Amino acid sequence: MPLTLSNVSKIFADSEHATLKHINLSIADGEFLCVVGKSGCGKSTLLNLIAGLEMPTEGEILLDGKPVTAPGADRVVMFQEHALYPWLNVMENVAFGMQLAGVPKKQREETALRYLELMQLSDYKDYYIHQLSGGMRQRVNLARSLTMDSRILLMDEPFSALDKQTSNRLRAELQDICMQTRRTVFFITHSVEEAVYLADRVVVLSAAKKGIAEIVPIELPRPRHVYDEAFIEYRRQILEEVQEDKG
């Protein structure tokens, strides 16, 4: 298991109560894990702990057997906001992280172009960010995140600010890319439908329990279709679990 959380708890200094208590979770290599739950259940806190942006009050987080004690290039975070640089064009934005990591120019250009092609953005490589729609900007953001070839990609509701049609298209593209690359992904979403569409397993966090209420393996072939009876049943089951949380 590349990522393991053992008895992880988090209590913030300004609160007497734990945000998360006794989280035990492992993520397999190449697994797509989605986390759902009501607002305030600790989804983003859990991601920040894995990213090394927060430290656990108790317990241990290991990546490839090594303790997570700080942010690192082995864990790339993709947030809801795209955080692209307006003075760089699309190609330069996608290659920026590789440039910071010291990747040679020819290699980073080849890698950036490969992911731009995967995201159907190669025709826009010379465009600047203000020339793109919100959906296209987030596709650039995703391409940049993928180029870093990190051990795990951490995604915090990356499509939630987009309209329904755009977010549906992006999650379909993400599913296709993950099928091709077998990237390990930890994905937070408020949409149960999105979780069932993308995940190998769905973790339901509970605000009342301050921890994991249930872990649901999604045993559906890919690509998935939201109108399949089995898909609808998974969505119903997980949604009921989320709604029963009294936290």
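Please treat every number below as a calculation from the coordinates, not as lab data. Keep in mind it's a predicted model, so treat the numbers as computed, not measured. Glycine gets a Cβ as well: all are built from the backbone with ideal geometry, and neighbour counts include every protein chain shown.
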For a protection proxy built on the mean count of beta-carbon atoms within 10 angstrom, sort 87-94, 117-124, 62-69 highest first, please.
87-94, 117-124, 62-69
Tell me the relative contact order for the stretch 84-149 as a rounded percent, counting alpha carbon contacts under 8 Å between residues six or more apart.
51
Considering amide H positions built from the backbone, and no H for Pro or chain starts, which residues 5 or more places from Leu153, or on another chain, come under 5 Å of its amide H?
Thr184, Val185, Phe186
Contact order normalised by length for the chain, with contacts defined as Cα pairs under 8 Å and 6 or more residues apart; what percent is it?
26
Assertion target for Arg108, Arg224, ordered by fewest C-beta neighbours within 10 angstrom first, is Arg224, Arg108
Using θ = phi - 60° and the Karplus relation 6.51 cos²θ - 1.76 cosθ + 1.60, list the HN-Hα couplings for the stretch 35-50 in order, rounded to whole Hz, with x at every Gly or Pro.
10, 10, x, 5, 4, x, 7, x, 4, 5, 4, 4, 4, 5, 5, 5
What area, in nm² and to one decimal, does the C-alpha convex hull of the chain cast on average over all directions?
13.6
Mind sorting Thr19, Thr147 by how few other Cβ atoms lie within 10 Å of their own Cβ, fewest first?
Thr19, Thr147
For the stretch 131-247, what class follows from the C-alpha gyration tensor (a ≥ b ≥ c being the square roots of its eigenvalues): rounded when a/c is under 1.5, otherwise prolate if a/b is larger than b/c, else oblate?
prolate
Using eta = 1.306 mPa s and T = 10 °C, Stokes-Einstein with Kirkwood Rh from Cα pairs puts D for the stretch 84-149, in µm² s⁻¹, at 140
Listed residues His130, Gly42, Ala230: farthest to the positive end of the dipole of the chain (Cβ charges):
His130
Can you run phi through the Karplus equation (6.51, -1.76, 1.60; θ = phi - 60°) for the stretch 142-147 and list ³J(HN,Hα) in whole Hz, with x for Gly and Pro?
5, 4, 4, 5, 6, 5
Thinking of the stretch 1-146 as a set of Cα atoms, what percent of all their pairs are more than 23 Å apart?
48
Cα centroid separation, the stretch 126-201 to the stretch 62-119 (Å)
14
DSSP beta bridges in the chain [antiparallel fraction, %, rounded to 5]:
55
